[in-house]
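Student: First the structure, which I've put down as structure tokens, then a few questions once you've had a look.
The values are calculated or read from the model by the stated rules, or taken from the named source; none is laboratory data. Since the structure is predicted, the reported quantities are computational estimates derived from the model, not experimental observations. So basically every Cβ, Gly included, is an ideal-geometry build from the backbone, and we count neighbours across all protein chains shown.
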Amino acid sequence: MTATIQFKQVSKKYHLGMTRTSLPVLISGWAKSAFRKTRPELSSGDVHWALRDVSFELNKGDALALVGANGAGKTTTLKLLAKITKPTAGEINVNGTLSSLIELGAGFHPDLSGRENIFLNGAILGLKKPEIQRRFDSIVSFAELEKFIDTPVKRYSSGMAVRLGFAVAASIDPDILLVDEVLAVGDSAFRLKCMARIQELINNGTTLIFVSHNMGLVKAVCGLALYIENGQAIHFGGTSDVVETYNRALNERRMSQFNGREGQTKIQSATAEITRLEVSGDNSDANVLMTSRPAKIRLYYRAYQDLGEVAVVLRVIRSDGTACATRYSRIDQVSLIMEKGEGEISATLDPLQLFPGNYYVVATLKNKNESLTHDMAYSDWFQVEGEMTGYEDLDAVYEPNRAWNHQAPALTNQDLLAEAKRQS
């Protein structure tokens, strides 16, 4: 089988800044080099490798998701496939008609109406005028722009422009469809319609390359995924496996970047201090807790005087900074009398119920009415594992207790007779 797309050790280099690439400076540089008989070189600091030796191959009907952080090289890959730019090194083979929706409003002339832009874009995509006329009504209907089709595109909202762009790109039944994150601009109802159309195209043999930060959409649409980081291919394979690898790397990066707990000022009075804060489960691995099992938070303190009744606030924070749970001893009606000396306060979460990810706990020791803070402390990072892998935009932060029930319709005597006849 001839591959629809072959991406062989492709690299793309960009020169940064304008000081070396503006026309007068380039002319001056080349003129000087003509006398020196050498080509002017850029320093390594002026070069950015958007892609380095990236390879993959797709057959007819394959759906590939490109995942990675902003600036990883995903859109550059699409632009190379669409021939918007050329590779610095490597080989790209694209077999078949290609349609793309890469940049919001790309290919639209702002002063032309929606109707005129449909014919303009159709011609750019290789359709003849009779073919565009035949598809025109379905394009307008899909974009839901009947009322505004003769309005200049510059008066369209971003969502309207996306709807029109996708309707045109998806109307030609391309062999290859490139879709970037622009679909995130549309409303949820239109996104569902776009996903249904994409699935229809895939079923009809269209090869899809899809860029999105919504891992739910990625796993629903694509069977393959490529994780790109800093222009390099990290992992290529089945979508679930690649997304899990990406989520793990994302968690680790968030943990290193989001260390606000270390940057905050430690509040401490001369009355008491939290000497240690621990989070543990009931398994042998102290740093890994299970969603469905209990977890215990232990706060060790040293009081320098009798404080009477105190309050403790516990906050569970995910690696991206999301506060996932907060517990107040006062609201839970727990009486904590703190006398001079050392002691321990613990709270049990049974079951833990957090979705898989990386977390830490912030504990605050306050007076009875929480008007005064005695001290604040942070636990070490801990990992939560469970049946779910990673977390996504549409997932919550915890797994609630649940009980399922199904009330099936009762079969009548007539239904039973009909079933008996069918079986015989």
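Student: Output the number of residues of the stretch 311-330 satisfying the condition of being closer than 14 Å to ALA347 by Cβ and in a strand (DSSP E or B).
Tutor: Residues in the stretch 311-330 being closer than 14 Å to ALA347 by Cβ and in a strand (DSSP E or B): 10 in total.
Student: Quick one: how many residues across the stretch 322-350 are farther than 13 Å from ALA303 by Cβ and surrounded by 15 or more Cβ atoms within 10 Å (Cβ to Cβ)? Talk me through it step by step, then tell me what you get.
Tutor: So in the stretch 322-350, the residues farther than 13 Å from ALA303 by Cβ come out as 322-335, 346-350.
Still in the list and also surrounded by 15 or more Cβ atoms within 10 Å (Cβ to Cβ): 324-325, 327-330, 347, 349.
Counting residues in the stretch 322-350 that are farther than 13 Å from ALA303 by Cβ and surrounded by 15 or more Cβ atoms within 10 Å (Cβ to Cβ) gives 8.
Matching residues to (1) crowded, with 16+ Cβ neighbours inside 10 Å; (2) among the β-branched types (Val, Ile, Thr); (3) within 20 Å of the chain's Cα centre (by Cα); (4) at pLDDT 75 or above:
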{"residue": "GLU370", "(1), (2), (3), (4)": "no, no, no, yes"}
{"residue": "TYR378", "(1), (2), (3), (4)": "yes, no, no, yes"}
{"residue": "PHE382", "(1), (2), (3), (4)": "yes, no, no, yes"}
{"residue": "GLU392", "(1), (2), (3), (4)": "yes, no, yes, no"}
{"residue": "ALA396", "(1), (2), (3), (4)": "no, no, yes, no"}
{"residue": "ALA408", "(1), (2), (3), (4)": "no, no, no, no"}
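Student: Of all residues in the stretch 42-99, how many are within 27 Å of the chain's Cα centre (by Cα), under 30 Å from LEU127 (Cβ atoms), assigned to a loop (DSSP other than H, G, I, E, B) and touching a residue at least 60 places away in the same chain (Cβ under 8 Å)?
Tutor: Number of matching residues: 7.
Student: Which residues, counting only those in the stretch 57-90, are within 23 Å of ASN203 (Cα to Cα), touching a Gly at 6+ places or on another chain (Cβ under 7 Å) and among the small types (Gly, Ala, Ser)?
Tutor: The answer is GLY61, ALA63.
Student: Right, another one. Would you confirm whether or not the stretch 91-98 contains a residue that is modelled with pLDDT under 90, surrounded by 19 or more Cβ atoms within 10 Å (Cβ to Cβ) and out of contact with any Gly (no Cβ under 9 Å at 6 or more places or on another chain)?
Tutor: Quick first cut of the stretch 91-98, residues modelled with pLDDT under 90 only: 96-98.
Next, from what is left, pick out any that are surrounded by 19 or more Cβ atoms within 10 Å (Cβ to Cβ): 98.
Now drop any that are not out of contact with any Gly (no Cβ under 9 Å at 6 or more places or on another chain), which leaves 98.
The answer is yes, given that some residue of the stretch 91-98 is modelled with pLDDT under 90, surrounded by 19 or more Cβ atoms within 10 Å (Cβ to Cβ) and out of contact with any Gly (no Cβ under 9 Å at 6 or more places or on another chain).
Student: Of the residues ASP137, ASP150, ASP111, which single one is within 23 Å of ALA196 (Cβ to Cβ), free of Cβ contacts under 8 Å to residues at least 60 places away in the same chain and surrounded by fewer than 14 Cβ atoms within 10 Å (Cβ to Cβ)? If you could, list the steps in order and put the result at the bottom.
Tutor: Details: ASP150 fails: within 23 Å of ALA196 (Cβ to Cβ); ASP111 fails: within 23 Å of ALA196 (Cβ to Cβ).
Only one candidate passes the filter, namely ASP137.
Student: Report, by residue number, each residue of the stretch 153-168 that is buried (at least 19 other Cβ atoms within 10 Å of the Cβ) and in a helix (DSSP H, G or I). Give the derivation first.
Tutor: As a first pass, look at the stretch 153-168 and keep what is buried (at least 19 other Cβ atoms within 10 Å of the Cβ): 153, 156, 160-168.
Result: VAL153, MET160, ALA161, VAL162, ARG163, LEU164, GLY165, PHE166, ALA167, VAL168.
Student: Next up: What are the residues in the stretch 185-216 that are at pLDDT below 85 and either surrounded by fewer than 14 Cβ atoms within 10 Å (Cβ to Cβ) or more than 23 Å from MET160 (Cα to Cα) (or both), if any?
Tutor: Across the stretch 185-216, the qualifying residues are ASP187, SER188, ALA189, LEU192, ALA196, MET215, GLY216.
Student: Another question about this same structure. Looking at LYS8, is it at pLDDT 90 or above, among the basic types (Lys, Arg), under 29 Å from ALA225 (Cα atoms) and buried (at least 21 other Cβ atoms within 10 Å of the Cβ)?
Tutor: Working: at pLDDT 90 or above: yes; among the basic types (Lys, Arg): yes; under 29 Å from ALA225 (Cα atoms): yes; buried (at least 21 other Cβ atoms within 10 Å of the Cβ): no.
For LYS8, the condition - at pLDDT 90 or above, among the basic types (Lys, Arg), under 29 Å from ALA225 (Cα atoms) and buried (at least 21 other Cβ atoms within 10 Å of the Cβ) - is not met.
Student: Moving on to the next point. Would you mind finding the one in ASN117, ASN121 that is touching a His at 6+ places or on another chain (Cβ under 7 Å), surrounded by 15 or more Cβ atoms within 10 Å (Cβ to Cβ) and in contact (Cβ under 8 Å) with a residue 24 or more places away in the chain? Step through it out loud before you land on a result.
Tutor: Numbers: ASN121 fails: touching a His at 6+ places or on another chain (Cβ under 7 Å).
None of the others qualify; the one that does is ASN117.
Student: Let me ask something else about it. Give TYR300, TYR304, TYR359 a once-over and let me know the one that is of a type in the set (Phe, Trp, Tyr) and within 30 Å of ARG248 (Cβ to Cβ).
Tutor: Criteria check complete, one pass: TYR359.
Student: Okay, next question. Does the stretch 331-366 hold any residues that are assigned to a strand (DSSP E or B) and among the charged types (D, E, K, R), and which are they?
Tutor: So the first thing to find is which residues in the stretch 331-366 are assigned to a strand (DSSP E or B), and the list is 336-338, 341-349, 354, 357-366.
The answer is GLU342, GLU344, LYS366.
Student: Out of ILE172, ILE118, ILE209, I need the residue that is within 21 Å of ILE84 (Cα to Cα), among the hydrophobic types (A, V, I, L, M, F, W, C) and part of a loop (DSSP other than H, G, I, E, B). Which one? Spell out the reasoning first.
Tutor: Values: ILE118 fails: part of a loop (DSSP other than H, G, I, E, B); ILE209 fails: part of a loop (DSSP other than H, G, I, E, B).
When all the criteria are applied, what remains is ILE172.
Student: List the residue pairs whose Cβ atoms are under 6 Å apart, where the first residue sits in the stretch 397-424 and is closer than 30 Å to TYR359 by Cα, the second is at pLDDT 75 or above and not in a loop (DSSP other than H, G, I, E, B), and the two are 6 or more positions apart or on different chains.
Tutor: Matching pairs, first to second residue: VAL397/CYS324; TYR398/LEU354.
Student: Let me ask another. Where residues in the stretch 334-355 are farther than 19 Å from GLU278 by Cα and not aliphatic (A, V, I, L, M), which of them is nearest to the chain's Cα centre (by Cα)?
Tutor: PHE355
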